[in-house]
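**Student:** Attaching a single structure in structure tokens format; questions to follow.
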């Protein structure tokens, strides 16, 4: 039985091929423009789960001041390499940190949490701590946006045959080895990466759901109905009164 290693771990294929796969993921089309529309021109924004800097770098290049917070050292290293190779027009700073324990002592004009970053955490205390921390780091009237996967879409999606690649290039062939949405709402997907170095398996775990009760408990109000994105999820936007 093939053992699954954690997603986004150091030396993992999910890190090495993250930029390639997100560039090919049509479910993310338009997300950068959506987040930019929530941030005042020249404003300061905090991105939670900034990954390799795909969004943070693009927002900084519009002249905004961006702080990217990322828990994975491996992802953060790639983001820093991108910044050094192509410095954006605006200020861009990356930090190693945990979104459930925000202690930046800075207030932002917006906080964004793209591409299911919150859904990597199990609902409960982790979500409550995240929203409480975001509330402490937002200026009055500012917006917070969280991209969440749809539990219904995940439940309706049948996995492809395990021998049918879902992505193929000379340097990478990607297979879905299995996926499962259990009664607790936990969604596991095992991905097999086949490269010149062999085959490796990584497990991505997500917890789809509506974070609104956690946002409201932290003092936020709903700013607008969830904005559908890519047919697989939606961006939930809240305002700090």
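**Student:** Place a label point 7 angstrom from the Cα of residue 223 along the Cα-to-Cβ direction, then list the residues of the stretch 101-137 whose backbone nitrogen is under 19 Å away.
**Tutor:** Only 106-119, 130-137 pass the distance filter.
**Student:** Let me ask you something else. For a Förster distance of 30 Å, can you work out the FRET efficiency between the beta-carbons of residue 155 and residue 125, rounded to the nearest 0.05? Display every interim value, and only then the final one.
**Tutor:** Working: r = 25 Å, r/R0 = 0.84.
Efficiency at R0 = 30 Å is approximately 0.75.
**Student:** Tell me, what is the FRET efficiency for residue 210 and residue 163 to the nearest 0.05, using R0 = 45 angstrom and their Cβ-Cβ distance as r? Before the final figure, lay out the partial values.
**Tutor:** Working: r = 36 Å, r/R0 = 0.79.
With R0 = 45 Å, the Cβ-Cβ based efficiency is 0.80.
**Student:** Taking a label point 7 Å from the Cα of residue 171 along the Cα→Cβ vector, which residues of the stretch 9-37 have an amide N closer than 15 Å to it?
**Tutor:** Correct set: 12-24.
**Student:** Taking 0.36 nm per residue of separation and subtracting the Cα-Cα distance, what length does fully extending residue 199 through residue 86 add?
**Tutor:** Additional length available on full extension: 37.4 nm.
**Student:** Here's something else I'd like to know. Rounded to the nearest angstrom and ordered from largest down, what semi-axes does the equivalent ellipsoid of the chain get from its C-alpha gyration tensor (root of 5λ)? Could you put the intermediate results ahead of the total?
**Tutor:** Details: eigenvalues 171, 94, 48 Å².
One finds semi-axes of 29, 22, 16 Å for the chain.
**Student:** Just to be sure I understand the model, the point goes 7 Å from the Cα along the line to the Cβ. What's the resulting residue 188 to residue 20 distance in nm?
**Tutor:** 2.7 nm
Throughout, read-outs are computed from the coordinates displayed, never taken from laboratory work. What you see is a predicted model, and the numbers here were worked out from it, not measured in a lab. Here the Cβ is made from the backbone with ideal geometry for all residues, glycine too, and neighbour counts use every protein chain on show.
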